[in-house]
Each structure stands twice: as structure tokens, then as C-alpha cells.
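Encoded as C-alpha cells, here's the structure I'll be asking about.
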Amino acid sequence: MYHRNFFLLIITVLTFSGCATLRPSFDVNEALTYCSSQVNRTLKQLSPPDYTLMPRSIDDSSNTWKCYKVSREEWCSGFWPGILWYDYEYTGDTAILNQARNYNASLDFLSDSPAFDHDLGFLMYCSYGNGYRLTRDTTYKKILLKSATILSTLFNPKVGTILSWPREVEKNGWPHNTIMDNMINLELLFWASKNGGNPALAQMAVSHADKTMENQFRSDYTSYHVAVYDTITGKFIKGVTHQGYSDSSVWARGQAWAIYGFTMVYRETGNPNYLDFAQKIADVYLKLLPADYIPYWDFNDPAIPNAPKDASAAAVTASALLELSTMVHQPAQSKKYRDAAVHMLKSLSSPTYRSGSSKPSFLMHSTGNMPKHAEVDVSLIYADYYYMEALLRYKRMLEH
Ligand code: GLY
């Protein structure tokens, strides 16, 4: 009898401690349902729809989306279709599926146009990439393959990276420039090489990641927004900023793109150097964060704590750290990244950052381009996109 009770006690303790470790720290379904209702509010605002106009930002003093016409130059055009795909993934609602398809279709022409810049990856992979993942529509696959080939025309073999901004060659005197954001767009190249495209696309992506790792970070693992290269020698000339506070500062979203990018490159290659590097650049970011885990737009703005925050950087990083937490081998490290990501998601989901009833976006307090005084302390469509992606990643982790 004594033995049986003792055995039951052990089972009970194990069961409850097991539940405690699996119990979500915040209600991810509540957060996703909130996103879904905001998607429907946005659809109402956009009605009757012009599928060539994509929501991009909402000023602090406004409650309506500013929309922009899809074009080669409008880098944010893929995020709204991407959000619709994520919402369809969560709800299974065929009305949302139809909206996703209709908005996506406005981007078709980009797969038959010359590359304007590296943002083609954001434009096509966030929209068609998710569309293909969820529907296996072969038309989408063809569009993605063509887009990857177009993106690869910006690759400079002498330098070994993609020319991110052809327009800045003349404008800024940067013969070959590679920006940290460009790391995200390597995913389209990896995808294409694994789905019937040229295997050289993956080699370009690896070369780009290697050169970026070699040149675009300081010894403390913080990053430069822009690396400038010589097109004759292929050599790195200097690291500078475009959207950060200064050439020597840490622009929060740049570091977020880096964490996301190198985590993804590890996923795609299995090369442990990228995993090690992703951890180092994540660790320095985590050390610099304020208490609520939402960064100021640039970690070195002297106006801190009176500087604007950037919720978009937090959303990108939360999504990246969730993936990173599934890749690292040491349980304590895995827990560290997962807990940090959940901390970010909890903050983003709090009344301080949630738009709630005030606006149809998911989040407030993002900063697009502070040096240009553009989109400062606003809602941004890409903050919402990566927030929803992170929530879906977290939900999947809780279910498995
Ligand atoms: N890729 C542009 C930005 O992060 O602002």
C-alpha cells in the first residue's frame, strides 16, 4: 500500500511538473485570434478592394492604413498578402484564402521585370513563398523560380554578394553595396535551388552569407547596416549606416535581420559555423535590450530613454529566436532563446504595443527610417507580418 501511494505521488509530481514546463507563458491563440480580427478590420477598410494597393503604415495620430501601389520600388508590397496567408493558415477561412490569392496576383508582373533591388526577395517570398507552402499551386512555384533567377542577376561574383541597392551606386558613391536586410532574401535563393532551380543559386546565397559574416560585423558581433565593396578588387572598403544613428552604432532592425538571416542560413545549409554565429549576434542583441525586450530604434541613440522604439525589430527577432531555440544543442541555450522570444511576444501583445481598438494594425511603435524622419513611431505592415509569423511558430512549438 505504502509503495503504491508513493508511486502515485511520483507520477502526480512528474505529470504536473511536465505540464508546467509545457504550459504556454501567454495565450498564443488569443494573440492569433486578435490578429485575425484586425485582418478583418483591415479588409473592411480596404473595401471595395483595389488589389494593387497594399497597406503599409498607420501614423500614431491616425486609424487608417496608408496604402501604396505595388511596384518594383515599393518594397513592402508582399507583406499584406503574406499576412493573409498566415491568417488563412491559422483560421482555414476560404474567404481569407481568396483575398490572399487576389492580393498575391498583383505581384505576378514582378517575376517578369528586371530586378530593381534585393527587396524582390521580401516581395515574392513573403507572398508567393507562403502561398506555395500552403497551396502547392504550381503557378506560384514558377513565379518563385523566375523571381529567384531575377534576384540572382544582382549577384557580383567578384565581390561574392548581391548588390542590394543599385540606385545607391551613383547616389552615394558606393560601388557595390550590401545591406544587412539582404540576408533575408537569401531564403528565396535557397528555396529555388531545392525546388528545381539552378543549384548555383544556393552557392550565391552561401557566398553572400560568408562575405557578410566576414565583413559586416564588428569584433563585438554588432553589425553595420551597409557594407561597401570595391567592384574592381572585390575587397571590402567600409561599413556605414543608412537607417541607423551613425556608422558605428547598432541599428536595431539591422541586427534583427542578421539574427533572422543567419539562423535561416543554418537551417538551409546545416553548416554549424552559421549556428554559432547566429548565437553570437543574438547574444549581443539580448544584452543590449531594455527591460521590456523591445529595442529602441538604434541601441546607441543618445536620446535613449526618450528615443522611439522599434516593435518591428522585436517581431523579426522573436520569430528568429524561436527558430534558433529549436536548433541549438544545449538545453539551457535553447531555453534562453525561447524565453527571450516569449518575453518579446508578451511585451508586443501588451496594451503598450498592441493597437487594439485604436487601429486595424496588430502593433504600434515601430520605426521605419529615423534619419529620414519617415515612419517614426508608427504601425508598420512588416512588424505585423513577423509578429504573426512568430506567433504561428510559437503555436507550432507548443503543439509538438
Ligand atoms: N529593408 C528595409 C528596412 O528594414 O527598413
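Work through the residues other than Arg253 whose Cβ is under 11 Å from its Cβ and net out their charges, Lys, Arg +1 and Asp, Glu -1.
Computed value for this residue: -3.
Let me ask something else about it. Label-point separation (nm) for Lys235 and Ala291, each offset 7 Å from Cα along Cα-to-Cβ?
About 4.9 nm separates the two model spin labels.
Scaled to the compact-protein estimate 2.2 N^0.38 Å, what is the alpha-carbon radius of gyration of region 164-305, rounded to two decimal places?
Normalised Rg, Cα atoms only: 1.07.
If you plug each phi of region 387-400 into the Karplus form 6.51 cos²θ - 1.76 cosθ + 1.60 with θ = phi - 60°, what whole-Hz ³J(HN,Hα) values come out, in order, with x for Gly and Pro?
5, 5, 4, 5, 4, 5, 4, 5, 4, 4, 5, 5, 7, 10
When a/c reaches 1.5 or more, the comparison of a/b and b/c decides; with that in mind, is region 229-269 rounded, prolate or oblate per its Cα gyration tensor?
It comes out oblate by the Cα gyration axes.
Taking R0 as 35 Å, what FRET efficiency do you get between Asp247 and Gln203 from their Cβ-Cβ distance, rounded to the nearest 0.05?
The formula returns an efficiency of 0.70 here.
Mean 1/r over all different Cα pairs, inverted: what Kirkwood radius does region 317-400 give, in Å?
Computed over region 317-400, the radius equals 13.8 Å.
Looking at the chain, which longest stretch skips every one of the trypsin sites (Lys or Arg not before Pro) that is in a DSSP loop with at most 10 other Cβ atoms within 10 Å, leaving the sites themselves out?
Counting at most 10 other Cβ atoms within 10 Å as exposed, the longest clean stretch of the chain is 137-371.
Please give the helix 200-215 orientation as an angle from the longest Cα principal axis of the chain, in degrees from 0 to 90, rounded to the nearest 10.
Around 90 degrees separate the two axes.
Still on this structure, I have one more. So which lysines can Lys336 reach, going by Cα to Cα under 22 Å and dropping same-chain residues fewer than 8 places off?
Lys280, Lys287, Lys346, Lys395
Using the Cα atoms of region 163-226, I'd like the radius of gyration and the largest Cα-Cα distance, Dmax, both in angstrom.
So, for region 163-226, Rg and Dmax equal 13.3, 39 Å respectively.
Once you keep just the Cα pairs under 8 angstrom separated by 6 or more residues, what percentage relative contact order results for the chain?
With pairs under 8 Å counted, the relative contact order is 16 percent.
Could you work out [θ]222 nm for the chain from helices alone, using -39500 (n - 2.57) per DSSP H run of at least four and dividing by all its residues? Round to the nearest 500 deg cm²/dmol.
-16500 deg cm²/dmol
Let me ask another. What angle do you read, to the nearest 10 degrees and between 0 and 90, between the alpha-carbon axis of helix 311-325 and the longest principal axis of the chain?
Between the helix axis and the principal axis of the chain, the angle is about 60 degrees.
I need the shape label for region 44-189. Rule: rounded when a/c is under 1.5, else prolate if a/b > b/c, else oblate, with a, b, c from the alpha carbon gyration tensor.
oblate
Taking N as the number of residues in the chain, what is its Cα Rg relative to 2.2 N^0.38 Å?
For the chain, the normalised Cα radius of gyration is 1.00.
For the pair Lys171 and Asn273, what calculated FRET efficiency results from E = 1/(1 + (r/R0)^6), where r is the Cβ-Cβ distance and R0 = 30 Å, to the nearest 0.05?
Rounded to the nearest 0.05, the efficiency is 0.30.
Where a number appears in this text, it was derived from the coordinates with a stated rule and is not lab data. Remember, predicted model here, so these are calculated numbers, not experimental data. FYI the Cβ positions are ideal-geometry reconstructions off the backbone, even for glycines, and counts take in every protein chain you see.
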